[in-house]
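Colleague: Before I ask anything, let me first share the structure, which is written out below as structure tokens.
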Amino acid sequence: MYEPSLSTEVQFLKGVGPKPAAVMNKAGLVTVEDVLYRLPRRYEDRSSIPLISTLRVGHFATIRGRIRRIDSKPLRGGQVIVRAIVNDGSGSIVLTWFNQPWTKAQLEKSGGDIFAYGQVKDGTSSHEIASPEWEAASDEEAAEWFGKIVPVYPLVEGLSQKTMRRAARSAVAGYLRLVVDPLPKSVREQQGLADLQWAIRQIHQPDDEASRLEARRRLVFEDFFYMQLALAMKRAATQHEIGIPFPVQALLKGQDPGPPLDLPPGTLFTKEERAARAQEPLWDQIHRLLPFALTGAQKRVIQEIWKDMESPHPMNRLVQGDVGSGKTAVAACALLTAVRSGYQASLMAPTEILAEQHYTNLKALLEPVGVRVAMLIGKQGSRERKQASQAVEMGTAEVVVGTHALVQESVKFRRLGLVIVDEQHRFGVLQRKALRDKGFGNPDVLVMTATPIPRTLTMTVYGDLDLSVIDELPPGRKPVKTHWKRSSERMQVYQSVRGLIEEGKQAYFVCPMVSESEKMMAQAAEDLHYRLSNGPLQGLRVGLLHGQMKPREKEEAMLAFRNHQFDALVSTTVIEVGVDVPNASVMVIEDANRFGLSQLHQLRGRVGRGSQQSYCILIADAKMGDARARMDVMVATNDGFRIAEEDLRLRGPGLMAGTAQSGHADFKVGDLLTDGKMLEVARQVAIEVVQKDPKLSGPEWKRVLENVRKARSEAGIITVS
């Protein structure tokens, strides 16, 4: 005898069958459970359908009326536009479908009475709805939904609303009773959450708007809760690991920190070397090595890092700081602390340009106080690379800066105690883990990013890390003045920039993002370089930098610009992260509407790094929509976190998070744009639960634990271990 279950294939749902099921399978709907959890993307309130005469331009509305006329008009290129005039007795509206010729025949078979939904626009003679969703009111199922709140599901080609509604109704009627609520009663009662079966029914067949919202609240909490439990469990597991307790207090007092724990034969330092280094309190040494005063925010973050380093558990901390906030100085303090404690430390950067810049800066800061800095990157010659690798293995290289070359099997550390990863979203999880695995025991891990991330995304993408924020710029830094100019004003912009160059300043020209292809972007940069060199900037020294150049050519171009051998540098987005030229005080971004907000902000961060006033000019014909909004935000603020929030609002969480390795933002129900408060609630509840039961070993958590494991495997949660 047939036994129904949630894993029953969709073809066996009443009213579906094999052919529609094949299309549903392509949409990820394979089982009954898939259908129950495929939630509507919106709802039509057919309980109060407005009269056509009352419709307002710009509003989305559902109308019901009778088709008075249908016509089909051919357009150029073999395309066609279908128009239908619909009247409900109070007035008429025009429905249009572009290049959907089959719609005419479907409308003619509809019986004339239809429902339609879409955005009301101004037409030539009356209001219009372009490409509306529609269905025949004479259809039994459509009529059954009349006077109710109607679900509208996300579809794929070949899958109709009728099929989806039929499948969902059948799943609810025949299988909802099999759904077992995984949340313990204690959590449901504490948070005032509805029963799961009731919530699923109300999501598909809401009694009213209040019930639908209450059902959604329950499902949003559960959606977020599993992810937050996974992150809290990861964090708890790290806190139970045994790490390296660095002797920070002894260093602050200028005392001998003693030998590193569990020293094997042959230490990094002799007793005499340690004693020599212990003569100066750590803060005094930091003030001596830094050519500037630390900001209050930098000092606060350093103290947070030191507290973690003193702990017997490994540090897992994320440092967020806007462009120019001084993350390198904070990193240098952490590196010095590790070295003075008797350990090696490493800093891994995503590009060779950034790694070389870190190497140059850290060498200048640390070597005067006796710390030996080495570099490992892919372009090094075999001899240079061998010398660096030997110094790392012997321990004579105390701070090692590099790219992913650091994680190669041939690189062996003597006593790696601290791992710093810069711009960590550019590394894969396995790369970070490979570097950490080279450490002694469980090394401390510090992650840095100059990409401001909204709090809601931080809680999902980096939820297993402690967070520090450098929210203050060094004194003397002036905010970059940003201007938005149309392409018709391009030549005036070039002349103004030439005037600034002739005053001794340097300028970046960033070529448009014509494509994701490095080759096409290189061609665009070469074209812009040619036009500027032989036109508005003729007679000036104009350099070129793009991703298709050989590593040595890129290095030479950047070095020449840094040494003021170039007046201007035409570049692709390879300068986006980390490049530091204090005299560069002007940036022109061509066709800025092609870039996202966060990328524009990162690019702008390459100027304004000195004490002089800097400028960013956005050249863009952005007349409407998101493109105009991005330009307005860039002109209005230099605050990276505000820009990140706007980017999240404009682009959505999936695009903000980026690739799969950057975390999973596509929740089944929850929306990071609108459900931030519920995410906070779910996170707090998850933390409290894991504090009481770190492994969710109690019997009431059995089903929750299954969902948590599923959430972790699907999400690619960012971790550094």
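The values are calculated or read from the model by the stated rules, or taken from the named source; none is laboratory data. The structure presented is a predicted model; accordingly, all values stated were derived computationally and were not measured. Here Cβ is always computed from backbone atoms with ideal geometry, including for glycine, and neighbour counts include all displayed protein chains. Only protein heavy atoms, including side chains, enter the accessible area calculation; ligands, DNA and RNA are left aside. Shrake-Rupley method; radii C 1.70, N 1.55, O 1.52, S 1.80 Å.
Colleague: Exactly one condition in (1) open to solvent by 40 Å² or more (accessible area, probe 1.4 Å); (2) not in a helix (DSSP H, G or I) is false for Trp97; which is it?
Modeller: (1)
Colleague: Can you tell me which residue in region 431-459 is farthest from the chain's Cα centre (by Cα), limited to those that are among the β-branched types (Val, Ile, Thr) and either assigned to a loop (DSSP other than H, G, I, E, B) or at pLDDT 70 or above (or both)?
Modeller: Val445
Colleague: Scan region 119-136 for residues that are surrounded by fewer than 19 Cβ atoms within 10 Å (Cβ to Cβ), under 35 Å from the mean Cα position of the chain (by Cα) and not in a strand (DSSP E or B) and jot them down.
Modeller: Ser131
Colleague: If you take the residues of region 403-420 that are of a type outside the set (A, V, I, L, M) and more than 14 Å from Ala391 (Cβ to Cβ), which of them is most open to solvent (accessible area, probe 1.4 Å)?
Modeller: Restricting to residues being of a type outside the set (A, V, I, L, M) and more than 14 Å from Ala391 (Cβ to Cβ), the top hit is Glu409.
Colleague: Return yes when Lys121 is farther than 28 Å from Glu33 by Cβ, touching a residue at least 24 places away in the same chain (Cβ under 8 Å) and in contact with a strand residue (DSSP E or B) (Cβ under 9 Å, 6 or more places away or on another chain) and no when it is not.
Modeller: Yes; evaluated as a whole, the condition is true for this residue.
Colleague: Next question, about the same structure. Which of the strands (runs of 3 or more DSSP E) contained wholly in region 476-552 include at least 2 residues that are touching a residue at least 60 places away in the same chain (Cβ under 8 Å) and under 30 Å from Asp322 (Cβ atoms)?
Modeller: Passing ranges, in order: 481-485, 506-510.
Colleague: Ok, one more. Test Arg166 against the stated conditions and say whether it is in contact (Cβ under 8 Å) with a residue 40 or more places away in the chain, among the basic types (Lys, Arg) and under 26 Å from Ser47 (Cα atoms).
Modeller: When the stated conditions are applied, Arg166 passes them.
Colleague: Here's something else I'd like to know. Any chance you could count how many residues in region 45-79 are farther than 17 Å from Ser126 by Cβ, crowded, with 16+ Cβ neighbours inside 10 Å and among the hydrophobic types (A, V, I, L, M, F, W, C)?
Modeller: 1
Colleague: Kindly indicate whether any position in region 292-311 is modelled with pLDDT under 90, surrounded by 20 or more Cβ atoms within 10 Å (Cβ to Cβ) and either closer than 22 Å to Val421 by Cβ or touching a helix residue (DSSP H, G or I) at 6+ places or on another chain (Cβ under 6 Å) (or both).
Modeller: No, because not a single residue in region 292-311 is modelled with pLDDT under 90, surrounded by 20 or more Cβ atoms within 10 Å (Cβ to Cβ) and either closer than 22 Å to Val421 by Cβ or touching a helix residue (DSSP H, G or I) at 6+ places or on another chain (Cβ under 6 Å) (or both).
Colleague: Sticking with this structure for a sec: Only one of (1) part of a loop (DSSP other than H, G, I, E, B); (2) farther than 21 Å from Asp139 by Cβ; (3) in contact with a helix residue (DSSP H, G or I) (Cβ under 6 Å, 6 or more places away or on another chain); (4) not hydrophobic (A, V, I, L, M, F, W, C) is not met by Gln11, so which one is it?
Modeller: (1)
Colleague: Could you please give the count of residues in region 222-245 that are under 30 Å from Asp195 (Cβ atoms) and either of a type in the set (Ser, Thr, Tyr) or in contact with a Leu (Cβ under 6 Å, 6 or more places away or on another chain) (or both)?
Modeller: Number of matching residues: 2.
Colleague: Looking at region 631-658 only, could you name the residues that are touching a helix residue (DSSP H, G or I) at 6+ places or on another chain (Cβ under 8 Å), at pLDDT below 75 and either open to solvent by 60 Å² or more (accessible area, probe 1.4 Å) or hydrophobic (A, V, I, L, M, F, W, C) (or both)?
Modeller: Those that are touching a helix residue (DSSP H, G or I) at 6+ places or on another chain (Cβ under 8 Å), at pLDDT below 75 and either open to solvent by 60 Å² or more (accessible area, probe 1.4 Å) or hydrophobic (A, V, I, L, M, F, W, C) (or both): Leu648, Leu650, Arg651, Met656, Ala657.
Colleague: Sticking with this one: Working only within region 312-326, note down all residues that are surrounded by fewer than 22 Cβ atoms within 10 Å (Cβ to Cβ) and aliphatic (A, V, I, L, M).
Modeller: none
Colleague: What's the number of the only condition in (1) open to solvent by 20 Å² or more (accessible area, probe 1.4 Å); (2) in a helix (DSSP H, G or I); (3) touching a residue at least 40 places away in the same chain (Cβ under 8 Å) that Cys333 fails to meet?
Modeller: (1)
Colleague: Can you name the condition, by its number, that Lys623 falls short on among (1) open to solvent by 10 Å² or more (accessible area, probe 1.4 Å); (2) at negative phi; (3) at pLDDT 85 or above; (4) charged (D, E, K, R)?
Modeller: (3)
Colleague: Any residue in region 28-44 that's under 19 Å from Ser211 (Cβ atoms): show its pairings with residues that are among the polar types (S, T, N, Q) at Cβ separation under 6 Å, as long as the two are six or more apart or on different chains.
Modeller: Glu44/Thr62
Colleague: Let me ask another. Out of region 659-700, which residues are modelled with pLDDT under 85, open to solvent by less than 80 Å² (accessible area, probe 1.4 Å) and of a type outside the set (A, V, I, L, M, F, W, C)?
Modeller: Matches in region 659-700: Gln661, Ser662, Gly663, His664, Gly670, Asp671, Asp675, Gly676.
Colleague: Give the residues of region 563-581 that are in contact with a Gly (Cβ under 8 Å, 6 or more places away or on another chain) and at pLDDT below 90, sorted by residue number.
Modeller: Result: Thr572, Val574.
Colleague: Within the bounds of region 107-118, is there any residue that is open to solvent by less than 50 Å² (accessible area, probe 1.4 Å), under 25 Å from Arg41 (Cβ atoms) and more than 45 Å from the chain's Cα centre (by Cα)?
Modeller: Among the residues of region 107-118, at least one is open to solvent by less than 50 Å² (accessible area, probe 1.4 Å), under 25 Å from Arg41 (Cβ atoms) and more than 45 Å from the chain's Cα centre (by Cα), which makes the answer yes.
Colleague: Assess whether Arg83 counts as being over 24 Å from Arg165 (Cα atoms), touching a Phe, Trp or Tyr at 6+ places or on another chain (Cβ under 9 Å), open to solvent by 50 Å² or more (accessible area, probe 1.4 Å) and at pLDDT 90 or above.
Modeller: Yes, satisfied.
Colleague: Oh, and also: Could you check region 164-191 and list, in sequence order, the residues that are over 27 Å from Asn25 (Cβ atoms) and either modelled with pLDDT of 95 or more or of a type outside the set (Gly, Ala, Ser) (or both)?
Modeller: Scanning region 164-191 gives Asp181, Leu183, Pro184, Lys185, Val187, Arg188, Glu189, Gln190, Gln191.
Colleague: In addition: Can you name every residue in region 468-513 that is at pLDDT 85 or above and aliphatic (A, V, I, L, M)?
Modeller: Answer for region 468-513, where residues must be at pLDDT 85 or above and aliphatic (A, V, I, L, M): Val469, Ile470, Val480, Met491, Val493, Val497, Leu500, Ile501, Ala507, Val510.
Colleague: Contact list please: Cβ distance under 7 Å, first residue in region 616-641 and closer than 21 Å to Phe509 by Cα, second residue among the basic types (Lys, Arg) and surrounded by fewer than 16 Cβ atoms within 10 Å (Cβ to Cβ), pairs at least six apart or on different chains.
Modeller: Note: pairs meeting the criteria are Ile619/Arg490; Asp621/Arg486; Ala622/Arg628.
Colleague: Right, another one. State the number of residues belonging to region 543-562 that are open to solvent by 20 Å² or more (accessible area, probe 1.4 Å) and either at positive phi or modelled with pLDDT of 90 or more (or both).
Modeller: So the answer is 1.
Colleague: Taking the options Leu176, Leu229, Leu193, Leu219, name whichever one is under 30 Å from Arg42 (Cβ atoms), outside any helix (DSSP H, G or I), of a type in the set (A, V, I, L, M) and in contact (Cβ under 8 Å) with a residue 24 or more places away in the chain.
Modeller: Leu193
Colleague: Determine the pairs where a residue that is closer than 13 Å to Asp471 by Cβ, located within region 295-306, has a partner that is open to solvent by 60 Å² or more (accessible area, probe 1.4 Å) with Cβ atoms under 8 Å apart, the partner being 6 or more residues away or on another chain.
Modeller: These pairs meet every condition: Thr295/Glu472; Thr295/Leu473; Thr295/Pro475; Gly296/Glu472; Ala297/Asp471; Ala297/Glu472; Gln298/Glu472.
Colleague: Within region 563-573, work out how many residues are surrounded by fewer than 23 Cβ atoms within 10 Å (Cβ to Cβ) and either free of Cβ contacts under 8 Å to residues at least 60 places away in the same chain or not in a loop (DSSP other than H, G, I, E, B) (or both).
Modeller: 4
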